[in-house]
1. The chain: Rg/Rh from Cα coordinates, Kirkwood Rh?
2. Set the bar at 22 Å for Cα to Cα. Now go through Lys6/Lys37; Lys6/Lys61; Lys28/Lys65; Lys38/Lys60 and name every pair that lies beyond it.
3. Can you give the angle from 0 to 90° between the axis of helix 53-62 and the longest principal axis of the chain, with both taken from C-alpha atoms, to the nearest 10?
4. With axes computed from alpha carbons, what is the tilt in degrees of helix 28-37 against the longest principal axis of the chain, rounded to the nearest 10 within 0 to 90?
5. Quantify, in whole percent, the carbon and sulfur part of the accessible surface of the stretch 5-68 (1.4 Å probe; protein heavy atoms only).
6. Any idea of the accessible area per residue across the chain, 1.4 Å probe, to the nearest Å²?
7. Quick one: dipole size for the chain, taken about the Cα centre, charges +1 on Lys/Arg Cβ and -1 on Asp/Glu Cβ, in debye to the nearest 20.
Amino acid sequence: METILKTYDLIHLFHPIITLNYSSIIDKGDILLEYRKKKLINSATALMVGDRDSDWAAAKKLGCKFIA
């Protein structure tokens, strides 16, 4: 993840970088919940944009809007 973000000069937009660890963070919804826990996003104002069912499921888990 970090390499991709650095390649496209996007690393500064993601701090901290939270990824799957397959123990406490097992899906995209858990990633969003972790960002919310760190108070970096708000469920009421967040918007998940994606093209997969897992993106939609993550939005539902966080309780935010979703655009496909």
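The values are calculated or read from the model by the stated rules, or taken from the named source; none is laboratory data. Just so it is clear, the structure is predicted and the values come from calculations on it, not from any experiment. Ideal geometry is used to build each Cβ from the backbone, glycine not excepted, and the neighbour counts take in all protein chains shown. Only protein heavy atoms, including side chains, enter the accessible area calculation; ligands, DNA and RNA are left aside. Shrake-Rupley method; radii C 1.70, N 1.55, O 1.52, S 1.80 Å.
1. Over the Cα atoms of the chain, Rg/Rh equals 0.96.
2. With Cα atoms farther than 22 Å apart: Lys6/Lys37; Lys6/Lys61.
3. Helix 53-62 and the main axis of the chain meet at about 70 degrees.
4. Approximately 90 degrees, to the nearest ten.
5. The value for the stretch 5-68 is 57 percent carbon and sulfur by accessible area.
6. 77
7. 320
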